[in-house]
Amino acid sequence: TDQRTNKEHIFFYEGGISSFVESVNAKKTPIFDDIITINHEDEKYILEVAMQYNDGYSEQIFSFVNNINTIEGGTHVSGFKSALTKACNKRGTMLKMIKDSEGFSSEDVREGLVCVISIKVPEPQFEGQTKTKLGNNEIKGLVDSWVFAKLDEYFEENPTTAKKILQKAELSKRAREAAKRARDITRRKTVLEGSVLPGKL
């Protein structure tokens, strides 16, 4: 409400953060119809997560603490990323999609992800120059365990969606490994070209 001009704007999404994800993905092509939602609360904290993948390559994670946009992320985002990686690797191993010892990296499982993380914290500690990074250490472990449990359950109940997410992560993993091999070859060439060989050789 602007009391100088008596103008009032109401910002409201019927579907909460799921609508937020939907609007971000509106101009993109989601790889499945569902928006995965996670809601968990205890006597101190309330966590809400909404996520969906599109066929793009960039990730978009929007995080909030007590409705403050934490543009630098923080412990709640770290906990989410860790849980997502573990849940995908667990499911990937079960589906025999992970054949070598090296599973998916955190970047692999976040390719094409649009996600909104919102947590209510009674005493938030903000860090960073702009005070937009959550620093409460206990939050990382809590978000990690809550999100992992819910995602694991979701993947169990929605195997088709889980497989689509893992197939996208697998493509990302292959591209990452191919890029690494190409870099290594280029480096080796440069080293060989740079070494001065004696005239006889």
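The values are calculated or read from the model by the stated rules, or taken from the named source; none is laboratory data. Values in this document were obtained by computation on a predicted structure and should not be read as measured data. Using ideal geometry, Cβ is built from the backbone for each residue, glycine included, and neighbour counts are taken over all protein chains shown. With ligands, DNA and RNA removed, areas are computed over all heavy atoms of the protein, side chains included. Shrake-Rupley method; radii C 1.70, N 1.55, O 1.52, S 1.80 Å.
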| With charges only on Cβ, +1 for K and R and -1 for D and E, what is the dipole size of the stretch 52-201 about its Cα centre, in debye, rounded to 20? | 740 debye
| remark: Whole-Å distance linking the alpha carbon centroid of the stretch 98-172 with that of the stretch 3-50 is 17 Å
| task | Take Asp33, Asp144, Asp55, Asp184 and sort them by solvent-accessible surface of the protein heavy atoms, 1.4 Å probe, largest at the top. | result | Asp33, Asp55, Asp184, Asp144
| said: Just to check, using Stokes-Einstein with a Kirkwood Rh over alpha carbon pairs, what's the diffusion coefficient of the stretch 103-153 at 25 °C and 0.890 mPa s in µm²/s? | reply: 185 µm²/s
| request: Towards the positive end of the charge dipole of the chain, with charges on Cβ (+1 Lys, Arg; -1 Asp, Glu), say which of Val49, Ala178, Thr5 has the farthest Cα. | output: Ala178
| task | Whole number in Å², please: accessible area per residue of the chain, 1.4 Å probe, ligands, DNA and RNA not counted. | result | 63 Å²
| query | Per 10 Å bin, what is the whole-percent P(r) computed from every C-alpha pair distance within the stretch 18-142? | reply | 12, 40, 35, 12, 1
| query | Ignoring ligands, DNA and RNA, how do Arg181, Arg110 rank by accessible area with a 1.4 Å probe, largest first? | reply | Arg181, Arg110
| For the stretch 101-185, what relative contact order do you get, as a whole percent, if you take Cα pairs closer than 8 Å and at least 6 residues apart? | 42 percent
| field | Accessible area in the full protein assembly, largest first, 1.4 Å probe, for Tyr57, Tyr45 | value | Tyr57, Tyr45
| Restricting the stretch 1-85 to GluC sites (Glu not before Pro) in coil, as DSSP defines it, with at most 11 other Cβ within 10 Å | Glu8, Glu14, Glu43
| task | Please list the radius of gyration and Dmax for the stretch 93-191, considering alpha-carbon atoms only, with Å as the unit. | result | 18.4, 56
